[in-house]
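Asker: Submitted below is the structure of interest, expressed as structure tokens.
The values are calculated or read from the model by the stated rules, or taken from the named source; none is laboratory data. Everything numeric in this text was worked out from a predicted model, so none of it was measured. Note that we place each Cβ from the backbone using ideal geometry, even for glycine, and neighbour counts take in every protein chain shown.
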Amino acid sequence: GAGVSQSPSNKVTEKGKDVELRCDPISGHTALYWYRQSLGQGLEFLIYFQGNSAPDKSGLPSDRFSAERTGGSVSTLTIQRTQQEDSAVYLCASSLEVGEQYFGPGTRLTVT
Amino acid sequence: QKEVEQNSGPLSVPEGAIASLNCTYSDRVSQSFFWYRQYSGKSPELIMSIYSNGDKEDGRFTAQLNKASQYVSLLIRDSQPSDSATYLCAASYNFNKFYFGSGTKLNVKP
């Protein structure tokens, strides 16, 4: 079956511009997670959605970062006024209400 | 203190040997545990999950959980060069948030 998909796969943007990253979770998965991974580093938790509950935004590094999930499915991560330190791979994962996470291929963001 | 800690490695083992990867965790995340494999430039892929004390085997992989000592390990038997990757340990309390270690790089030499 179809896995988690993310778009775009690569994004190059100029410092100060806004970017939107998209995630399509596995059909039927109620939980959706966003992570950030810098080169050679581990995964940094950003935000978590579970069903209709309020999202856990505790990992968002600044108020320039926001995310929404429409209709309990697709999610968009928005970074406003991008900075060079935002350059990283942004990974989305989904899971059933309780269970293992499955990751998408990621979006590589480069801020020049 | 980080919730989940791993030795960054690299861990080098000869082909056919047993690779042993270890992970320690803090109390706050002591419920569910996961091992992921991540090839360079790729996203993490799930290998195994373990929720109860003891061993869980799946093919060449065995996960071991010891809640009293707060560690979880992954054994890879008959290691192959294709097992060379970074292995990420993750822990979760109540499946609401997952804490990942920084990963251990494994090199399996032919």
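Asker: Against the condition farther than 22 Å from B:Y99 by Cβ, among the basic types (K, R) and free of Cβ contacts under 8 Å to residues at least 40 places away in the same chain, how does A:R69 come out, does it pass?
Answerer: It is false that A:R69 is farther than 22 Å from B:Y99 by Cβ, among the basic types (K, R) and free of Cβ contacts under 8 Å to residues at least 40 places away in the same chain.
Asker: For a quick check of your reading of the model, give me the residue pairs whose first member lies in segment A:5-23 and is more than 26 Å from A:S95 (Cβ to Cβ), whose second is part of a strand (DSSP E or B), with beta-carbon atoms closer than 7 Å and at least 6 apart or on different chains.
Answerer: That search, which allows pairs on different chains as well, returns A:V12/A:T110; A:T13/A:V19; A:T13/A:V111; A:K15/A:V111; A:D18/A:T78; A:D18/A:I79.
Asker: Please count how many residues of segment B:24-43 are outside any strand (DSSP E or B) and out of contact with any Gly (no Cβ under 8 Å at 6 or more places or on another chain).
Answerer: Here the count works out to 10.
Asker: Name the residue that is nearest to the other protein chains (Cβ to nearest Cβ), counting only residues in segment A:58-72 that are surrounded by fewer than 17 Cβ atoms within 10 Å (Cβ to Cβ) and closer than 12 Å to A:L32 by Cα. Steps first, please.
Answerer: Residues of segment A:58-72 that are surrounded by fewer than 17 Cβ atoms within 10 Å (Cβ to Cβ), as a first pass: A:58-59, A:61-64, A:66, A:68, A:70-72.
Filter once more, so that each one left must be closer than 12 Å to A:L32 by Cα: A:68, A:70, A:72.
Values: A:E68: 19, A:T70: 21, A:G72: 17 Å.
Ranking the qualifying residues of segment A:58-72, first place goes to A:G72.
Asker: Among the listed residues B:F61, B:F34, identify the single one that is within 12 Å of the chain's Cα centre (by Cα), modelled with pLDDT of 95 or more and not basic (K, R).
Answerer: Criteria check complete, one pass: B:F61.
Asker: Working carefully through the options B:Y99, B:Y51, find the one that is farther than 25 Å from A:Q37 by Cβ and within 14 Å of chain A (Cβ to nearest Cβ).
Answerer: After ruling out the rest, the residue left standing is B:Y51.
Asker: I'm told B:L46 meets every condition in (1) exposed (fewer than 14 other Cβ atoms within 10 Å of the Cβ); (2) within 15 Å of the chain's Cα centre (by Cα) except one. Can you identify the failing condition by its number?
Answerer: Answer for B:L46: the failing condition is (1).
Asker: Just checking, does segment B:62-73 include any residue being within 14 Å of chain A (Cβ to nearest Cβ) and part of a strand (DSSP E or B)? Give the steps one after another, and end with the answer.
Answerer: Of all residues in segment B:62-73, those within 14 Å of chain A (Cβ to nearest Cβ) come to B:63.
So of that shortlist, the ones also part of a strand (DSSP E or B) come out as B:63.
Checking segment B:62-73: at least one residue is within 14 Å of chain A (Cβ to nearest Cβ) and part of a strand (DSSP E or B).
Asker: Do you know which residues across segment A:26-57 are in contact (Cβ under 8 Å) with a residue 12 or more places away in the chain, assigned to a loop (DSSP other than H, G, I, E, B) and within 14 Å of chain B (Cβ to nearest Cβ)?
Answerer: Answer for segment A:26-57, where residues must be in contact (Cβ under 8 Å) with a residue 12 or more places away in the chain, assigned to a loop (DSSP other than H, G, I, E, B) and within 14 Å of chain B (Cβ to nearest Cβ): A:I26, A:H29, A:T30, A:S38, A:L39, A:G51, A:P55.
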